[in-house]
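Reading through the structure tokens given below for one structure.
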Amino acid sequence: MQSEVLTPVNKVQKTEVHDELVNLDLKKQNQQQLHSYESQKNNSTHPEPNQTTQRYENLLGEMTFQVQDAVIGTSCCCCKKKVGAPLFPSFQNKLDKVRSRPFKRVQMLINPTSGGGNGKKIGNNLIKQLTKHKIPFVANYSASILNFYDFVETFDFEGEDLLMVCGGDGSIFMTLNILAKRQAVEKKLNEKPVKPYPLAVVPGGTGNDFCSSIGFNHIQVNNYVEKYLLEPKVRKVDIGRCRLKDKNGNWKNYYFSCQGGVGFAGRVDQRAKKLGIFFRLKYKVAAFLEVVSAKTDIMTVIIDGKTVLDKGKVKFVEVNNVPRTGGGFRACPIAQVNDGILDLILMYSDKTSRMISVLQAAEKNGLHIYEKECQYYRGKEIRIISHEKDPIDMEIDGEDFKCTEVIFDIDSELVEVVY
Ligand SMILES: Nc1ncnc2c1ncn2[C@@H]1O[C@H](COP(=O)(O)OP(=O)(O)OP(=O)(O)O)[C@@H](O)[C@H]1O
């Protein structure tokens, strides 16, 4: 068997294909998953009383709720600190959505610029692992954004290759939006439902929030192939859909894996991109400058048809599909990537010092959701209308846009992810 490393992507050549399909025993896999959930619970340094877990799971069944009304968490029995909800409860609860996905070959799409060159290093690491485990692969380094688009747009999902994107959240954002367009065209042509596209993602970026939400990070990349590809399983995940209305009243669709922030987050993102300092620090500095600028927005927020804010002042608005964004900021710490629901946080205080301390709590442990300045909601459709004179800044997975109104919902039929 021989595998090749190729660049750029449009020069893909064939490799010799391993005859045996990689398959797995679903039952065994489910047992392993349950086992890992059990051990995770037992190893917890902050034991959670059953009652709290029960209460939390009940709440997940509801369409929307406000954290201030329904307290999630309790005091820890050893240190008496407040304990939040478990960070990754999602994939242990959704075993029914797991299915085996045999494949013959891995087609890696590596964004060499992700993570300031980390994407390339991670790609090389994976090549070593795939070679070691004798899994046939083709490594494709995207030479440009256009290259990246072409590759995903024309990828043969009907074949027995697995598309593996190695990059950050921006690379996943590009992939999802290309696939969404592709699915819409295929639906029209086929006049029948198109199956979710199977996808593997590897954290090769800077923030890697989506990868972290499905349970892996840079360290786990070292045994990624052994852990995820020898017995590959694909699971349905929620992909956020965001419909933006521009100043001319035209609507545009975007798909995201992590979050959309309206107003504050959009302005912070733009400020941060202008600062030439280290990733986490530049967002902290930009957020601080935005808080002290004392800018607030007037918005209406409607969740599943219910108005929760009517032309009210708001400082920070973010809709999350994952529990952490920006490489560690926990705006919506109990968001889950496969519950069919989006989480929303609204923050407002006219005191700069309070806003700083609430945002610090979000950065530190996610316990800001208990503060009176925060309102936390969950819902299937979140509609945000800006009452500002000009279109308002917003960001979706780190990409900047402007809008006058935005509707967020979930698409669970776009992709299935290996994890
Ligand atoms: N050759 C290339 N192929 C693909 N994308 C590229 C390329 N060169 C630059 N880019 C840019 O890389 C961006 C995606 O980077 P990505 O988000 O994967 O990394 P990151 O920003 O370091 O990580 P994160 O988003 O997790 O913080 C895209 O927005 C795209 O504009």
Item to check | Ordering of 399-405, 233-239, 347-353, 114-120 by burial proxy (mean other Cβ atoms within 10 Å per residue, highest first) | outcome: 233-239, 114-120, 399-405, 347-353
Checklist entry - In nm, to one decimal, how far is the modelled label at LYS227 from the one at LYS188, with both set 7 Å along Cα→Cβ? => result 4.1
Checklist outcome for this item: Cβ density ranking, 10 Å radius, fewest first, applied to THR300, THR154, THR325 yields THR154, THR300, THR325
Checklist outcome for this item: So, relative contact order of the range 228-309 in percent, Cα under 8 Å, 6 or more apart, is 16
Checklist outcome for this item: By the Kirkwood definition, with r running over pairs of different Cα atoms, the range 240-412 has a hydrodynamic radius in Å of 15.8
Checklist entry - Equivalent-ellipsoid semi-axes (√(5λ), Cα gyration tensor) for the range 212-284, whole Å, largest first? => result 32, 22, 8
Next on the checklist: Please list 3J(HN,Hα) in residue order for the range 283-295, calculated via the Karplus relation 6.51 cos²θ - 1.76 cosθ + 1.60 where θ = phi - 60°; whole Hz, with x for glycine and proline.
Outcome noted: 6, 5, 5, 4, 5, 4, 4, 5, 5, 6, 5, 6, 6
Checklist entry - Could you give the alpha-carbon Rg of the range 91-229 over 2.2 N^0.38 Å, rounded to two decimals? => result 1.04
Next on the checklist: Highest mean first, how do 335-341, 281-287, 188-194 rank when packing is the count of other Cβ atoms within 10 Å averaged over residues?
Outcome noted: 335-341, 281-287, 188-194
Checklist entry - So how do THR296, THR206 line up by other beta-carbon neighbours within 10 Å, fewest first? => result THR296, THR206
Checklist entry - For the range 340-408, what D do you get in µm² per second when you plug the Kirkwood radius from alpha-carbon pairs into Stokes-Einstein at 25 °C and 0.890 mPa s? => result 177
Checklist entry - Under 5 Å between amide H atoms, partner at least 5 residues away or on a different chain: which partners does VAL415 have, H built in plane at 1.01 Å? => result TYR197, VAL237
Next on the checklist: Starting from 0.36 nm per residue, how many nanometres of slack lie between ASP304 and THR352 once their C-alpha separation is accounted for?
Outcome noted: 14.1 nm
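Since every read-out is calculated from the coordinates, none of them should be taken as a lab result. Small disclaimer: the values here were computed from a predicted structure and weren't measured. Note that we place each Cβ from the backbone using ideal geometry, even for glycine, and neighbour counts take in every protein chain shown.
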